[in-house]
1. Looking at Y129, Y181, which one is in contact with a Lys or Arg (Cβ under 7 Å, 6 or more places away or on another chain), in a helix (DSSP H, G or I) and touching a residue at least 60 places away in the same chain (Cβ under 8 Å)?
2. Using the structure shown, decide if A69 is more than 12 Å from the chain's Cα centre (by Cα) and free of Cβ contacts under 8 Å to residues at least 60 places away in the same chain.
3. I'm told N118 meets every condition in (1) out of contact with any Cys (no Cβ under 9 Å at 6 or more places or on another chain); (2) not assigned by TED's automatic domain parsing to the domain that holds R57 except one. Can you identify the failing condition by its number?
4. I'd like the full set of residues that are part of a strand (DSSP E or B) and open to solvent by less than 50 Å² (accessible area, probe 1.4 Å), limited to region 104-121.
5. Kindly provide the set of residues from region 126-185 that are loosely packed, with under 13 Cβ neighbours inside 10 Å and among the hydroxyl-bearing types (S, T, Y), ordered by number.
6. What is the residue count in region 28-50 for residues that are open to solvent by less than 40 Å² (accessible area, probe 1.4 Å) and part of a strand (DSSP E or B)?
7. Only residues that are in a helix (DSSP H, G or I) and more than 10 Å from the ligand (Cβ to nearest atom): list them for region 134-158, please.
8. What residue, among those in region 159-190 that are of a type in the set (D, E, K, R) and either more than 8 Å from the ligand (Cβ to nearest atom) or in contact with a His (Cβ under 7 Å, 6 or more places away or on another chain) (or both), is farthest from Y136 (Cα to Cα)?
Amino acid sequence: MFSRIFAFIAAMGSLAFAQTQYATTVKPLYADAKSEKVIGKLLPTAKVEVLKTDGKRVLISIEGFQEEAKPAIYFVAGKRILNAGFDGKAGVKFEKLDSQEIDEKIYNKVKVQVWTDNADLVNDVEALYAQAKDMYEQNCSMCHGLHPVKEFTANQWPSMFKAMAGRTGIEKKDYFLVIQYLQKNAKDMQ
Ligand code: HEC
């Protein structure tokens, strides 16, 4: 009986291990479980693996592409769709997984382990994109026809969106969620 309970608990433990989650908003990143010093930001819809929990913090692993030695991790190589950005002076260690060259620039596929608050993380990224799509469609068609998401490239959308967002009822905390949705569905994304 007890061994069965232990086997069950062990199975639960391994299920809870390395859970794929997505940030719902811009989240602060820390070097450890206790420090209040913010060393970076995680962007909404960025995929992370939750490795362990310690009090109100979780240790996460973020993967993506780094342009040369810039302290940022991008969703794909060569486009400015941020997964996470870091304070250049924080000395964050990027583990290099792979390397590729695009237009004479080196992009490293990297992975980094950092801490964040155990909040504003969900496992359903599609619901997040649906929420962003709704906000875009309802707010950006009030004065003129809705501009197709495919009208602009991933690198053009952030400034285009920011130039217009102030005229809408979209809350500032949701700006980056809508920007991520627009960038990930842009003209130059498949
Ligand atoms: C309050 C009215 C209003 C709302 C809401 C609005 N727009 Fe506009 N938009 C305008 C006007 C007016 C123009 C004409 C150019 C200008 O005034 O800057 C324009 C122009 C544009 C253009 C063309 C710019 C160019 O250089 O070709 C785009 C793209 C655009 N809006 C996207 C958006 C998006 C995305 C949103 C939602 C975040 C949005 N608009 C919300 C009023 C609005």
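1. Y181
2. Numbers: more than 12 Å from the chain's Cα centre (by Cα): yes; free of Cβ contacts under 8 Å to residues at least 60 places away in the same chain: yes.
So A69 passes the test.
3. That leaves (2) as the condition not met.
4. Residues satisfying the conditions are Y107, N108, V110, V112, V114, W115, T116, D117, L121.
5. Answer for region 126-185, where residues must be loosely packed, with under 13 Cβ neighbours inside 10 Å and among the hydroxyl-bearing types (S, T, Y): S141, S159.
6. 7
7. Answer for region 134-158, where residues must be in a helix (DSSP H, G or I) and more than 10 Å from the ligand (Cβ to nearest atom): D134, K150, P158.
8. Of all residues in region 159-190, those of a type in the set (D, E, K, R) come to 162, 167, 171-174, 184, 187-188.
From the residues that got through so far, the ones that are either more than 8 Å from the ligand (Cβ to nearest atom) or in contact with a His (Cβ under 7 Å, 6 or more places away or on another chain) (or both) too are 162, 171-174, 184, 187-188.
Details: K162: 12, E171: 12, K172: 13, K173: 14, D174: 10, K184: 14, K187: 16, D188: 19 Å.
It comes out as D188.
The values are calculated or read from the model by the stated rules, or taken from the named source; none is laboratory data. Given the structure is predicted, the values throughout are model-derived calculations rather than measurements. No Cβ is skipped: glycine too gets one built from the backbone with ideal geometry, and neighbour counts run over all protein chains shown. The accessibility values were calculated without ligands, DNA or RNA, using every heavy atom of the protein model including side chains. Shrake-Rupley method; radii C 1.70, N 1.55, O 1.52, S 1.80 Å.
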